[in-house]
Amino acid sequence: MTFSDAQRSGLLEVIHEAGLGHILGRRPEVAFSRLEEFLQVYAQRHAGTPSGTLPVVTIDTLLEEHKRNSHRVAPLLQALAFNCTANMLAMMWMVLIGSTIEAIDYTYRREQTSRIEVELVLPDRLTRIRFESDEHWDLALLRLVGISKGDDQPLIETFYALHIPPSEGYARLAIDRWTVRVLEWVQDYGSGSFFCPSLIDARNLGEVATAIVDAVQKGWLKPASPKLLESVRHDPSVVPEAVALLSSDAAMSVVLTAEGKRALRRTRFYRRLAHASPHSLEMVRAEINRVLGSSSHDYDHDELAELEDELRAIEALLQDAA
Amino acid sequence: MIRGSEITLDTFGLEPATVLESVVRVIARRWPSCVLVDAEICQRLDSFEAGAFGGLRELLVFRDEPSREIWERLGADPDNAHTLIYAIAGARSVTLVVEDPRTALARAVIDELTALFTNGTPWQSWRAA
(Lines give C-alpha, C1' and ligand atoms only; values in the text may rest on other atoms or scores of the structure.)
Protein backbone atom coordinates (compact mmCIF):
# COMPACT_ATOMS: atom_id res chain seq x y z
CA MET A 1 0.00 0.00 0.00
CA THR A 2 1.37 3.40 -0.89
CA PHE A 3 -0.33 6.74 -0.71
CA SER A 4 -1.04 8.81 -3.79
CA ASP A 5 0.42 12.29 -4.15
CA ALA A 6 -2.95 13.79 -3.24
CA GLN A 7 -3.18 11.62 -0.13
CA ARG A 8 0.36 12.50 0.90
CA SER A 9 -0.33 16.16 0.41
CA GLY A 10 -3.57 15.86 2.41
CA LEU A 11 -1.74 14.04 5.20
CA LEU A 12 0.94 16.68 5.37
CA GLU A 13 -1.73 19.34 5.77
CA VAL A 14 -3.35 17.34 8.55
CA ILE A 15 0.03 16.88 10.24
CA HIS A 16 0.69 20.63 10.12
CA GLU A 17 -2.81 21.46 11.34
CA ALA A 18 -2.32 19.10 14.28
CA GLY A 19 0.70 21.19 15.25
CA LEU A 20 3.08 18.34 14.44
CA GLY A 21 4.72 19.86 11.37
CA HIS A 22 7.97 20.40 13.20
CA ILE A 23 8.05 16.77 14.34
CA LEU A 24 6.39 14.56 11.73
CA GLY A 25 6.65 17.07 8.88
CA ARG A 26 10.43 16.84 8.98
CA ARG A 27 10.34 13.12 8.24
CA PRO A 28 7.11 12.64 6.34
CA GLU A 29 8.15 9.29 4.86
CA VAL A 30 8.45 7.84 8.36
CA ALA A 31 5.06 9.24 9.30
CA PHE A 32 3.45 7.86 6.12
CA SER A 33 4.98 4.45 6.64
CA ARG A 34 3.75 4.31 10.24
CA LEU A 35 0.29 5.41 9.18
CA GLU A 36 0.24 2.61 6.61
CA GLU A 37 1.20 0.17 9.32
CA PHE A 38 -1.56 1.52 11.56
CA LEU A 39 -4.13 1.07 8.76
CA GLN A 40 -2.99 -2.51 8.17
CA VAL A 41 -3.16 -3.45 11.84
CA TYR A 42 -6.51 -1.72 12.24
CA ALA A 43 -7.83 -3.69 9.24
CA GLN A 44 -6.60 -6.96 10.79
CA ARG A 45 -8.22 -6.21 14.16
CA HIS A 46 -11.35 -4.90 12.44
CA ALA A 47 -11.66 -8.18 10.52
CA GLY A 48 -11.99 -10.02 13.82
CA THR A 49 -14.97 -7.95 15.02
CA PRO A 50 -18.67 -8.49 14.24
CA SER A 51 -19.72 -6.88 10.99
CA GLY A 52 -20.86 -3.28 11.31
CA THR A 53 -19.46 -2.81 14.80
CA LEU A 54 -16.61 -0.60 13.67
CA PRO A 55 -16.11 1.43 10.49
CA VAL A 56 -13.53 0.45 7.92
CA VAL A 57 -10.64 2.91 8.01
CA THR A 58 -8.60 3.89 4.98
CA ILE A 59 -6.35 6.84 4.44
CA ASP A 60 -9.20 8.58 2.62
CA THR A 61 -11.69 8.00 5.44
CA LEU A 62 -9.06 9.23 7.88
CA LEU A 63 -8.59 12.42 5.87
CA GLU A 64 -12.36 12.79 5.66
CA GLU A 65 -12.65 12.26 9.42
CA HIS A 66 -10.13 15.04 9.92
CA LYS A 67 -12.46 17.43 8.11
CA ARG A 68 -15.40 16.40 10.30
CA ASN A 69 -13.63 15.65 13.58
CA SER A 70 -10.09 16.98 13.59
CA HIS A 71 -10.03 16.67 17.38
CA ARG A 72 -10.12 12.87 16.96
CA VAL A 73 -7.25 12.74 14.49
CA ALA A 74 -4.92 15.01 16.51
CA PRO A 75 -4.38 12.62 19.47
CA LEU A 76 -3.85 9.72 17.07
CA LEU A 77 -1.11 11.64 15.25
CA GLN A 78 0.43 12.74 18.53
CA ALA A 79 0.63 9.10 19.65
CA LEU A 80 2.21 8.27 16.30
CA ALA A 81 4.73 11.03 16.89
CA PHE A 82 5.43 9.56 20.33
CA ASN A 83 6.45 6.30 18.60
CA CYS A 84 3.46 4.30 19.80
CA THR A 85 3.03 1.02 17.93
CA ALA A 86 0.48 0.46 15.18
CA ASN A 87 -1.31 -1.99 17.46
CA MET A 88 -1.86 0.65 20.12
CA LEU A 89 -2.77 3.26 17.52
CA ALA A 90 -5.49 0.90 16.30
CA MET A 91 -6.74 0.57 19.88
CA MET A 92 -6.67 4.32 20.27
CA TRP A 93 -8.65 4.93 17.11
CA MET A 94 -11.32 2.46 18.23
CA VAL A 95 -11.65 4.45 21.45
CA LEU A 96 -11.71 7.81 19.69
CA ILE A 97 -14.65 6.71 17.57
CA GLY A 98 -16.70 5.48 20.49
CA SER A 99 -15.35 2.29 22.07
CA THR A 100 -15.04 2.18 25.85
CA ILE A 101 -11.84 1.56 27.76
CA GLU A 102 -12.71 -1.25 30.19
CA ALA A 103 -9.26 -1.89 31.60
CA ILE A 104 -5.67 -0.76 31.37
CA ASP A 105 -2.92 -2.80 32.97
CA TYR A 106 0.62 -1.55 33.01
CA THR A 107 3.66 -3.32 34.38
CA TYR A 108 7.12 -1.81 34.63
CA ARG A 109 10.31 -3.44 35.84
CA ARG A 110 13.41 -1.35 35.41
CA GLU A 111 15.54 -2.56 32.51
CA GLN A 112 13.29 -5.59 32.11
CA THR A 113 9.66 -5.01 31.34
CA SER A 114 7.30 -2.33 30.12
CA ARG A 115 4.03 -3.99 29.25
CA ILE A 116 0.69 -2.38 28.61
CA GLU A 117 -2.59 -4.22 28.13
CA VAL A 118 -5.82 -2.52 27.20
CA GLU A 119 -9.28 -4.02 27.02
CA LEU A 120 -12.03 -2.28 25.08
CA VAL A 121 -15.74 -2.73 24.68
CA LEU A 122 -16.75 -1.80 21.15
CA PRO A 123 -19.65 0.56 20.38
CA ASP A 124 -22.07 -2.41 20.20
CA ARG A 125 -21.45 -2.58 23.99
CA LEU A 126 -21.00 -6.36 23.70
CA THR A 127 -17.78 -7.12 21.89
CA ARG A 128 -14.62 -7.09 23.92
CA ILE A 129 -11.23 -6.72 22.30
CA ARG A 130 -7.79 -6.82 23.88
CA PHE A 131 -4.56 -5.10 22.93
CA GLU A 132 -1.15 -5.88 24.36
CA SER A 133 2.26 -4.40 23.86
CA ASP A 134 5.74 -4.82 25.25
CA GLU A 135 7.00 -1.70 23.53
CA HIS A 136 8.07 0.85 26.12
CA TRP A 137 7.15 3.78 23.87
CA ASP A 138 3.50 2.73 24.11
CA LEU A 139 3.52 4.07 27.65
CA ALA A 140 3.24 7.48 25.98
CA LEU A 141 -0.44 6.69 25.49
CA LEU A 142 -0.93 7.48 29.15
CA ARG A 143 0.08 11.07 28.43
CA LEU A 144 -3.06 11.41 26.38
CA VAL A 145 -5.74 9.79 28.54
CA GLY A 146 -8.54 11.81 30.05
CA ILE A 147 -8.70 11.13 33.77
CA SER A 148 -12.01 11.44 35.53
CA LYS A 149 -14.20 10.10 38.26
CA GLY A 150 -17.85 9.12 38.04
CA ASP A 151 -19.74 8.56 41.27
CA ASP A 152 -16.32 8.71 42.92
CA GLN A 153 -15.09 5.74 40.89
CA PRO A 154 -12.15 5.90 38.46
CA LEU A 155 -12.86 6.46 34.80
CA ILE A 156 -10.78 6.83 31.66
CA GLU A 157 -13.13 7.74 28.85
CA THR A 158 -10.95 8.63 25.91
CA PHE A 159 -7.76 10.22 24.63
CA TYR A 160 -7.18 13.95 24.37
CA ALA A 161 -4.66 15.85 22.31
CA LEU A 162 -1.89 17.60 24.18
CA HIS A 163 -1.42 21.28 23.69
CA ILE A 164 1.64 21.56 21.49
CA PRO A 165 3.12 25.05 21.32
CA PRO A 166 3.76 26.36 17.83
CA SER A 167 7.05 25.25 16.40
CA GLU A 168 10.02 27.53 16.75
CA GLY A 169 12.87 28.15 14.43
CA TYR A 170 11.43 28.05 10.97
CA ALA A 171 11.16 31.69 10.08
CA ARG A 172 14.08 34.07 9.76
CA LEU A 173 12.72 37.47 10.35
CA ALA A 174 14.06 40.96 10.06
CA ILE A 175 12.21 43.12 12.53
CA ASP A 176 12.46 46.84 12.76
CA ARG A 177 10.42 48.74 15.24
CA TRP A 178 7.13 48.48 13.45
CA THR A 179 7.33 45.84 10.80
CA VAL A 180 8.57 42.34 10.48
CA ARG A 181 10.03 41.16 7.22
CA VAL A 182 10.23 37.46 6.67
CA LEU A 183 13.56 36.74 5.05
CA GLU A 184 13.07 33.04 4.86
CA TRP A 185 10.08 30.88 5.68
CA VAL A 186 11.36 27.39 5.88
CA GLN A 187 8.09 25.51 6.00
CA ASP A 188 7.40 26.17 2.36
CA TYR A 189 5.07 29.02 3.11
CA GLY A 190 6.98 31.42 0.87
CA SER A 191 8.37 34.67 2.12
CA GLY A 192 7.27 38.26 2.27
CA SER A 193 6.37 40.97 4.71
CA PHE A 194 4.52 40.65 7.94
CA PHE A 195 3.75 43.03 10.74
CA CYS A 196 3.68 43.28 14.48
CA PRO A 197 0.39 44.85 15.57
CA SER A 198 1.52 45.92 19.02
CA LEU A 199 4.18 48.14 17.47
CA ILE A 200 2.06 49.87 14.88
CA ASP A 201 1.39 53.55 15.04
CA ALA A 202 0.46 56.46 12.79
CA ARG A 203 3.85 56.58 11.12
CA ASN A 204 3.47 53.38 9.22
CA LEU A 205 -0.22 53.02 8.50
CA GLY A 206 0.31 52.68 4.77
CA GLU A 207 2.89 49.95 5.23
CA VAL A 208 0.66 48.16 7.68
CA ALA A 209 -2.25 48.27 5.29
CA THR A 210 -0.09 46.64 2.65
CA ALA A 211 1.25 44.13 5.14
CA ILE A 212 -2.26 43.15 6.25
CA VAL A 213 -3.36 42.56 2.70
CA ASP A 214 -0.15 40.62 1.96
CA ALA A 215 -0.57 38.52 5.06
CA VAL A 216 -4.12 37.62 4.10
CA GLN A 217 -3.05 36.72 0.59
CA LYS A 218 -0.29 34.49 1.97
CA GLY A 219 -2.72 32.79 4.31
CA TRP A 220 -1.03 33.95 7.50
CA LEU A 221 -3.98 36.00 8.54
CA LYS A 222 -7.57 34.91 8.34
CA PRO A 223 -9.88 37.74 7.44
CA ALA A 224 -12.05 37.56 10.56
CA SER A 225 -13.71 40.64 9.18
CA PRO A 226 -13.55 40.36 5.38
CA LYS A 227 -15.34 43.69 5.03
CA LEU A 228 -12.73 45.39 7.16
CA LEU A 229 -9.93 43.82 5.19
CA GLU A 230 -11.55 44.95 1.96
CA SER A 231 -11.67 48.47 3.39
CA VAL A 232 -8.02 48.26 4.36
CA ARG A 233 -7.16 47.30 0.83
CA HIS A 234 -8.71 50.49 -0.50
CA ASP A 235 -8.41 52.92 2.37
CA PRO A 236 -5.41 52.77 4.71
CA SER A 237 -7.07 55.22 7.08
CA VAL A 238 -9.19 52.41 8.51
CA VAL A 239 -6.06 50.56 9.63
CA PRO A 240 -6.35 51.67 13.29
CA GLU A 241 -9.63 49.81 13.42
CA ALA A 242 -7.93 46.71 12.07
CA VAL A 243 -5.04 47.18 14.45
CA ALA A 244 -7.43 47.46 17.40
CA LEU A 245 -9.02 44.23 16.28
CA LEU A 246 -5.68 42.51 16.01
CA SER A 247 -4.18 43.92 19.17
CA SER A 248 -6.52 42.26 21.61
CA ASP A 249 -5.42 38.80 22.64
CA ALA A 250 -8.89 37.40 22.17
CA ALA A 251 -9.11 38.66 18.61
CA MET A 252 -5.62 37.51 17.87
CA SER A 253 -6.39 33.88 18.47
CA VAL A 254 -9.26 34.11 16.07
CA VAL A 255 -7.64 36.26 13.47
CA LEU A 256 -4.17 34.88 13.08
CA THR A 257 -3.51 31.57 11.43
CA ALA A 258 -1.04 29.21 13.06
CA GLU A 259 1.63 30.40 10.65
CA GLY A 260 0.82 34.00 11.42
CA LYS A 261 1.10 33.35 15.14
CA ARG A 262 4.48 31.78 14.63
CA ALA A 263 5.66 34.83 12.78
CA LEU A 264 4.25 37.14 15.40
CA ARG A 265 6.01 35.35 18.24
CA ARG A 266 9.35 36.30 16.81
CA THR A 267 9.66 39.68 18.35
CA ARG A 268 13.42 39.79 18.48
CA PHE A 269 15.95 39.98 15.71
CA TYR A 270 17.23 37.01 13.80
CA ARG A 271 16.48 33.72 15.43
CA ARG A 272 17.99 30.30 15.18
CA LEU A 273 20.87 31.38 13.05
CA ALA A 274 22.56 28.05 13.57
CA HIS A 275 19.86 26.45 11.44
CA ALA A 276 19.91 29.01 8.68
CA SER A 277 21.28 28.20 5.25
CA PRO A 278 24.28 30.20 3.99
CA HIS A 279 21.95 31.91 1.53
CA SER A 280 19.66 32.91 4.35
CA LEU A 281 22.58 34.08 6.48
CA GLU A 282 23.79 36.27 3.65
CA MET A 283 20.32 37.78 3.35
CA VAL A 284 20.27 38.46 7.07
CA ARG A 285 23.78 39.95 6.92
CA ALA A 286 22.72 42.24 4.09
CA GLU A 287 19.64 43.30 6.05
CA ILE A 288 21.66 44.08 9.17
CA ASN A 289 24.23 46.00 7.16
CA ARG A 290 21.43 47.96 5.56
CA VAL A 291 20.03 48.89 8.97
CA LEU A 292 23.43 49.71 10.45
CA GLY A 293 24.34 51.83 7.46
CA SER A 294 21.09 53.75 7.43
CA SER A 295 20.64 56.99 9.32
CA SER A 296 16.85 56.70 9.34
CA HIS A 297 16.44 53.49 11.27
CA ASP A 298 14.41 53.24 14.44
CA TYR A 299 16.68 51.12 16.56
CA ASP A 300 17.86 52.34 19.92
CA HIS A 301 21.39 51.93 21.23
CA ASP A 302 20.83 48.52 22.81
CA GLU A 303 19.13 47.18 19.74
CA LEU A 304 21.95 48.36 17.54
CA ALA A 305 24.43 46.65 19.82
CA GLU A 306 22.38 43.50 19.57
CA LEU A 307 22.38 43.79 15.80
CA GLU A 308 26.15 44.11 15.78
CA ASP A 309 26.36 40.96 17.89
CA GLU A 310 24.09 39.20 15.46
CA LEU A 311 26.29 40.35 12.60
CA ARG A 312 29.39 38.96 14.26
CA ALA A 313 27.62 35.64 14.87
CA ILE A 314 26.56 35.50 11.24
CA GLU A 315 30.08 36.26 10.01
CA ALA A 316 31.39 33.42 12.15
CA LEU A 317 28.76 31.02 10.86
CA LEU A 318 29.46 31.97 7.27
CA GLN A 319 33.17 31.49 7.84
CA ASP A 320 32.49 28.03 9.29
CA ALA A 321 30.28 27.18 6.35
CA ALA A 322 32.99 28.24 3.93
CA MET B 1 -35.81 26.78 24.51
CA ILE B 2 -36.24 24.64 27.60
CA ARG B 3 -36.92 25.65 31.13
CA GLY B 4 -34.17 24.92 33.54
CA SER B 5 -30.94 26.05 35.05
CA GLU B 6 -27.77 26.95 33.28
CA ILE B 7 -24.55 25.57 34.69
CA THR B 8 -21.37 26.95 33.14
CA LEU B 9 -18.16 24.96 33.44
CA ASP B 10 -14.70 26.25 32.57
CA THR B 11 -13.14 24.11 29.85
CA PHE B 12 -9.66 25.69 29.99
CA GLY B 13 -9.35 26.13 26.26
CA LEU B 14 -10.40 22.61 25.30
CA GLU B 15 -11.89 22.92 21.84
CA PRO B 16 -15.70 22.83 21.63
CA ALA B 17 -15.82 19.61 19.60
CA THR B 18 -13.79 17.76 22.24
CA VAL B 19 -15.88 19.29 25.01
CA LEU B 20 -19.14 18.17 23.44
CA GLU B 21 -17.80 14.67 22.81
CA SER B 22 -16.81 14.50 26.47
CA VAL B 23 -20.28 15.68 27.50
CA VAL B 24 -21.83 12.92 25.40
CA ARG B 25 -19.52 10.24 26.79
CA VAL B 26 -20.36 11.22 30.36
CA ILE B 27 -24.10 11.39 29.75
CA ALA B 28 -24.19 8.24 27.63
CA ARG B 29 -22.99 6.15 30.53
CA ARG B 30 -26.15 7.14 32.38
CA TRP B 31 -28.35 7.21 29.30
CA PRO B 32 -26.98 4.45 27.03
CA SER B 33 -29.76 4.97 24.47
CA CYS B 34 -29.37 8.73 24.34
CA VAL B 35 -30.23 10.59 21.14
CA LEU B 36 -28.03 13.45 19.96
CA VAL B 37 -29.35 16.44 18.04
CA ASP B 38 -27.39 19.38 16.66
CA ALA B 39 -29.40 22.18 18.25
CA GLU B 40 -28.38 24.82 15.75
CA ILE B 41 -29.71 23.03 12.70
CA CYS B 42 -32.10 20.66 14.50
CA GLN B 43 -30.45 17.66 12.88
CA ARG B 44 -30.04 14.34 14.56
CA LEU B 45 -26.59 12.75 14.70
CA ASP B 46 -26.71 9.16 13.47
CA SER B 47 -24.39 7.97 16.20
CA PHE B 48 -21.48 9.09 18.32
CA GLU B 49 -19.03 7.37 15.99
CA ALA B 50 -20.52 8.84 12.78
CA GLY B 51 -21.31 12.25 14.25
CA ALA B 52 -19.55 15.31 12.88
CA PHE B 53 -18.58 17.06 16.10
CA GLY B 54 -16.12 19.34 14.36
CA GLY B 55 -18.54 22.21 13.74
CA LEU B 56 -20.87 21.51 16.64
CA ARG B 57 -21.49 24.22 19.20
CA GLU B 58 -24.89 23.35 20.65
CA LEU B 59 -26.06 19.85 21.33
CA LEU B 60 -29.28 18.41 22.66
CA VAL B 61 -28.88 15.09 24.44
CA PHE B 62 -32.21 13.31 24.95
CA ARG B 63 -32.43 10.32 27.27
CA ASP B 64 -33.81 8.10 24.51
CA GLU B 65 -35.91 8.18 21.37
CA PRO B 66 -39.31 8.22 23.14
CA SER B 67 -38.13 11.24 25.16
CA ARG B 68 -37.05 13.03 22.00
CA GLU B 69 -40.45 12.35 20.41
CA ILE B 70 -42.31 13.71 23.42
CA TRP B 71 -40.12 16.80 23.43
CA GLU B 72 -40.79 17.33 19.76
CA ARG B 73 -44.52 16.93 20.23
CA LEU B 74 -45.12 18.70 23.52
CA GLY B 75 -42.03 20.73 24.30
CA ALA B 76 -41.34 21.02 27.99
CA ASP B 77 -43.96 18.88 29.72
CA PRO B 78 -44.23 16.94 32.98
CA ASP B 79 -44.11 13.75 30.88
CA ASN B 80 -40.60 14.46 29.74
CA ALA B 81 -39.13 15.94 32.89
CA HIS B 82 -35.41 15.34 33.35
CA THR B 83 -34.94 13.71 29.96
CA LEU B 84 -32.92 16.35 28.17
CA ILE B 85 -29.56 18.03 28.69
CA TYR B 86 -28.67 20.93 26.43
CA ALA B 87 -24.96 21.66 26.05
CA ILE B 88 -23.57 24.86 24.55
CA ALA B 89 -19.82 24.90 24.03
CA GLY B 90 -17.83 28.10 23.75
CA ALA B 91 -14.17 28.94 23.46
CA ARG B 92 -13.47 28.66 27.16
CA SER B 93 -16.56 27.18 28.74
CA VAL B 94 -19.51 24.92 28.27
CA THR B 95 -22.99 25.69 29.50
CA LEU B 96 -25.24 22.82 30.47
CA VAL B 97 -28.94 23.53 30.62
CA VAL B 98 -30.65 21.04 32.88
CA GLU B 99 -34.11 21.04 34.32
CA ASP B 100 -32.93 20.71 37.90
CA PRO B 101 -29.22 20.62 38.75
CA ARG B 102 -30.02 19.04 42.11
CA THR B 103 -31.16 15.72 40.64
CA ALA B 104 -28.73 12.86 41.12
CA LEU B 105 -28.11 12.50 37.41
CA ALA B 106 -27.49 16.19 36.77
CA ARG B 107 -25.25 16.43 39.81
CA ALA B 108 -23.23 13.41 38.72
CA VAL B 109 -22.81 14.70 35.17
CA ILE B 110 -21.79 18.16 36.35
CA ASP B 111 -19.34 16.81 38.93
CA GLU B 112 -17.75 14.40 36.51
CA LEU B 113 -17.35 16.98 33.76
CA THR B 114 -15.98 19.54 36.21
CA ALA B 115 -13.35 17.07 37.40
CA LEU B 116 -12.48 16.04 33.87
CA PHE B 117 -12.06 19.56 32.52
CA THR B 118 -10.25 20.84 35.60
CA ASN B 119 -7.82 18.03 36.26
CA GLY B 120 -8.30 15.26 33.76
CA THR B 121 -7.44 16.43 30.27
CA PRO B 122 -3.92 17.08 29.12
CA TRP B 123 -5.00 20.10 27.12
CA GLN B 124 -4.15 23.19 29.15
CA SER B 125 -5.70 21.78 32.31
CA TRP B 126 -2.62 23.02 34.14
CA ARG B 127 -4.22 26.43 33.92
CA ALA B 128 -6.68 25.29 36.53
CA ALA B 129 -3.95 25.31 39.15
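At full extension, A:Thr58 and A:Asp105 could sit 14.0 nm farther apart than now, given 0.36 nm per residue minus the alpha carbon distance. Counting Cβ atoms of other protein chains within 10 Å of each residue's Cβ and taking the mean over peptide A:86-97 gives 1.
Placing a pseudo-label 7 Å from each Cα along the Cα-to-Cβ vector at A:Gln40 and B:Gln43 gives an inter-label distance of 3.8 nm.
Extension gain for B:Ala52-B:Leu74 works out to 5.1 nm (0.36 nm per residue, less the C-alpha to C-alpha distance).
For A:Asp60, the solvent-accessible surface computed with a 1.4 Å probe is close to 90 Å², ligands and nucleic acids excluded.
For segment A:90-165, the per residue solvent-accessible surface stands at 53 Å², with DNA, RNA and ligands left out and a 1.4 Å probe. For the interface of chains A and B, what total accessible area is buried with a 1.4 Å probe, rounded to the nearest 100 Å²? Counting both chains, the buried surface is close to 2200 Å².
Residues whose amide H falls under 5 Å from that of A:Gly150, counting only those 5 or more places apart or on a different chain, are A:Leu155, with hydrogens built in the peptide plane.
Loop-located GluC sites (Glu not before Pro) in segment A:86-142 (DSSP state not H, G, I, E or B) with no more than 11 neighbouring Cβ atoms inside 10 Å: A:Glu111.
Across peptide B:52-58, the mean count of Cβ atoms from other chains lying within 10 Å of each residue's own Cβ comes to 3. Residues A:Tyr160, B:Tyr86, ordered by accessible area of protein heavy atoms at a 1.4 angstrom probe radius and largest first, appear as B:Tyr86, A:Tyr160.
Accessible area per residue was computed with a 1.4 Å probe on protein heavy atoms; A:Ile147 scores about 100 Å².
Entry comment: accessible area of chain B is 45 Å² per residue, from protein heavy atoms only and a probe of 1.4 Å.
In this structure, A:Ala47 and A:Ala321 have a Cβ-Cβ separation that, at R0 = 56 Å, corresponds to a calculated FRET efficiency of about 0.55. Helix B:16-30 axis versus longest C-alpha principal axis of chain B: approximately 60°, rounded to the nearest ten. When you filter the trypsin sites (Lys or Arg not before Pro) in segment A:101-163 for DSSP loop state and at most 14 other Cβ atoms inside 10 Å of their Cβ, you are left with A:Arg110, A:Arg125. Using C-alpha pairs under 8 Å with a sequence gap of at least 6, the mean separation divided by the residue count of chain B gives a relative contact order of 37 percent. Here the accessible area is traced with a 1.4 Å probe on the protein chains. For chain B, carbon and sulfur cover 50 percent of it. For B:Thr121, the amide hydrogen comes within under 5 Å of the amide hydrogens of A:Ile147, counting only partners 5 or more places away or on other chains and with H modelled in the peptide plane. Taking all protein chains as shown and a probe of 1.4 angstrom, B:Arg29 keeps an accessible surface of around 100 Å².
Computed from Cα positions, the angle between helix B:104-115 and the longest principal axis of chain B comes to roughly 20 degrees.
The values are calculated or read from the model by the stated rules, or taken from the named source; none is laboratory data. Predicted model only: the values in this text are computed from it and were never measured. Don't worry about glycine lacking a Cβ; one is built from the backbone with ideal geometry, like all the others, and counts go over all protein chains shown. Remember, those area values only see protein heavy atoms, side chains included, never the ligands or the DNA or RNA. Shrake-Rupley method; radii C 1.70, N 1.55, O 1.52, S 1.80 Å.
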